[in-house]
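Below you will find the structure I want to go over with you.
Read-outs throughout are calculated quantities, based only on the coordinates presented, and are distinct from any laboratory measurement. Just so it is clear, the model here is predicted, and its values are computed rather than measured. No Cβ is skipped: glycine too gets one built from the backbone with ideal geometry, and neighbour counts run over all protein chains shown.
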Amino acid sequence: MTLLTAHKILISTAVVFFFGFALWELRNYFDTENLWAAFRGLLYLLVTLGFGLYLRSLKKWVK
């Protein structure tokens, strides 16, 4: 296994976990109407998007 493959696995795992965290916090917001939960949920979605874009950009690094 190359270092790039291990890196892709770790970033993919981070995408899945942050997406799960986002869903969990958004569900918490709809249950309790806590604005901090909505903020955290949207923040986790942005982190998920960032990691996803980074994962897609790794194809450019491989020559």
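Return the distance in nm (one decimal) between the two label points of a simple spin-label model at Leu49 and His7, each offset 7 Å from Cα along Cα→Cβ.
In this crude label model, Leu49 to His7 measures out at 2.4 nm.
Expected output is a single nm value to one decimal: the length gained when fully extending between Phe39 and Phe17, i.e. 0.36 nm times separation in residues minus the C-alpha distance. What is it?
6.2 nm
Only counting other Cβ atoms within 10 Å, I'd like Phe39, Phe21 sorted with the fewest neighbours first.
Ordered by Cβ neighbours within 10 Å, fewest first: Phe39, Phe21.
Also, quick follow-up: In what order do Trp61, Trp36, Trp24 fall by count of nearby beta-carbon atoms within 10 Å, going from fewest to most?
By the 10 Å Cβ count, ascending, the order reads Trp61, Trp36, Trp24.
Where does the Debye-calculated log10 I(q)/I(0) of the chain sit at q = 0.21, 0.23 Å⁻¹, using only Cα point scatterers of equal weight, no solvent?
Taking Cα atoms of the chain as identical point scatterers yields -0.76, -0.84.
Still on this structure, I have one more. Add -39500 (n - 2.57) for each DSSP H run of 4 or more in the chain, then divide by its residues: what number comes out at 222 nm, to the nearest 500 deg cm²/dmol?
That comes out to -32500 deg cm²/dmol.
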